[in-house]
Amino acid sequence: MNVADIQAIASTGFTTWLRGSGLEIVLLILGAILFSRLATYLRDRVTRRIDAGFRSSDALVRTEAAKHRHALAQVITWVVLTIVYVLITMEVLRRLGFAVTGLVAPAAVLGAALGFGAQRIVQDILAGFFLITERQYGFGDVVRIAVTGAAEQAEGTVEDVTLRITTLRNADGEVITVPNGQIVKVTNLSKDWARAAIDVPVSASADITRVNEILHEVGAKAYEDARLKPLLLDEPTVMGVEDLTVDQMNIRMVARTLPGKQFDVGRELRVRVAAALRREGISETT
């Protein structure tokens, strides 16, 4: 058998493999890509339908069920795609001639070795699972998160939730990524309803009764205002003197608002209170 015959046999064998296993590998990879595109499309379609009912407002004003469904859609897509990629990789390796069953023992040893280094990843995934199933927060929530080893808390609007990380965007537009396993405490500022609390500092010699009357009037007018009323769940109330010193007292006014709207309502009420006190000749102390 000469060299030409050997080359012909090798070429025939490669062509046969290419038409068989090679074609299957190409089809598997193309199928994985198409499935990934389809899963992403379905996820985006589901989340758009969830958001469709809130176009007249914004992402913060949504029901807790909608937030949970939004987070679940993202997590389920991530899990399904991960499983598909692993299965496709195993099938491709098998068609390339690797004995997948023979890799079980080495994989177990390698997994045990990597397990010590991957403890944090497993911790992140488990923590993310409980965060989602317990509905601690969801897409669009405004949260304040205490992170292990961080001096400052992470605060912002939840933009993405997966089993491993939570992505926030703060008031400055910065994106903050927090591993779920490092979350110590979560303060949800937009769950069900929120509260705007305004402390009004006035002189200790001021007429408390008159100041309370002014604050009640400000709350009633704010609740009747066409722009503020949609953000308020009920009329703002005056709680009374919250703090008292020799030359100053703080009178607290609170208002229940839609989730995430306590900041807007608080700013507007402070402006109205300051203007009303100034008209009455009562100055706020600093």
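The values are calculated or read from the model by the stated rules, or taken from the named source; none is laboratory data. A quick note: this is a predicted structure, and the numbers were derived from the prediction, not measured. A quick note on method: Cβ atoms are made from the backbone with ideal geometry, for glycine too, and the neighbour counts reach across all protein chains shown.
What to note about this one:
- Residue within the range 156-167 that is over 21 Å from the mean Cα position of the chain (by Cα), modelled with pLDDT of 85 or more, part of a strand (DSSP E or B) and among the small types (Gly, Ala, Ser) present: no
- Count of the range 184-201 residues which are surrounded by 14 or more Cβ atoms within 10 Å (Cβ to Cβ) and under 13 Å from the mean Cα position of the chain (by Cα): 5
- Counting only strands (runs of 3 or more DSSP E) that sit completely within the range 170-286, those holding 1 or more residues that are over 30 Å from GLY138 (Cα atoms) and free of Cβ contacts under 8 Å to residues at least 60 places away in the same chain correspond to 194-203, 237-244, 248-257.
- Residue ID - nearest to GLN123 (Cα to Cα), chosen from residues in the range 137-149 that are in contact with a helix residue (DSSP H, G or I) (Cβ under 8 Å, 6 or more places away or on another chain) and buried (at least 16 other Cβ atoms within 10 Å of the Cβ): VAL147
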